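Each remark here refers to the structure printed beneath this line.
Any read-out appearing in this document is the output of simple, stated calculations on the displayed coordinates, not a laboratory observation. Not measured: the values here are computed from a predicted model. Heads up, the Cβs are rebuilt from the backbone with ideal geometry, glycines too, and the neighbour counts pull from every protein chain shown.
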Amino acid sequence: MKPKEVVAAWVDAFNRADAAALASFYSETAINHQVAERPVQGRPEIYQMFTAGFATAKMVCIVEAIFEDGEWAILEWRDPLGLRGCGFFHVVGGLIVFQRGYWDKLSFLRQRGLPIPTH
């Protein structure tokens, strides 16, 4: 699959809250760095990150745009509560080897009534 196709399938799995399907899109040594969090490395750790996230909050990704440039796909998204963000996916051989996501963690927590860290 081309990077844009990988990201479109990733969004479908995300919207089903399917952590196993999401993890299958990553290489064994992939890095997922959501800038509001510490980087997560390795498919099992990425699976755990998604499992924990879906257990904490209902999350929906509404695609605004997906762009492709060589081995990279860029996802611009929003959610039903008005949160917006973007993600950069480096895709090699049909697998995500690196992902970086930008979104406002404080707004995410407030919109969902989740505790706000004090540190």
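Look at the alpha carbon pairs under 8 Å that are at least 6 residues apart: their mean separation over the length of the chain gives a relative contact order of 28 percent. Modelled spin-label separation between Ala8 and Glu28, with each label point placed 7 Å from Cα along the Cα-to-Cβ direction: 3.0 nm. For Cα extents along the principal axes in Å, the value calculated from this model appears in (i) 37, 30, 24; (ii) 40, 29, 25; (iii) 75, 43, 21 under label (ii). For the peptides 61-69, 83-91, the ranking by mean Cβ contacts within 10 Å, running from highest to lowest, is 83-91, 61-69. Helix 43-56 and the longest principal axis of the Cα set of the chain meet at an angle near 30°.
Highest mean packing comes first when the peptides 40-46, 110-116 are listed by Cβ atoms within 10 Å, giving 40-46, 110-116. If you fit an axis through the alpha-carbon atoms of helix 3-15 and take the longest principal axis of the Cα set of the chain, what angle between them do you get, 0 to 90°, nearest 10? Helix 3-15 and the main axis of the chain meet at about 40 degrees. So if R0 is 22 Å, what FRET efficiency would Asp69 and Val92 give, r being the distance between their Cβ atoms, rounded to the nearest 0.05? Using R0 = 22 Å, I get an efficiency of 0.95. A straight Cα-to-Cα reach below 17 Å connects Lys105 with the aspartates and glutamates Glu37, Glu76, Asp79, residues fewer than 8 places away in its own chain not being considered.
Top mean-square fluctuation among Ala36, Ala21, Ala73, Gaussian network model of the chain, C-alpha springs under 10 Å? Answer for the Gaussian network model of the chain: Ala36.
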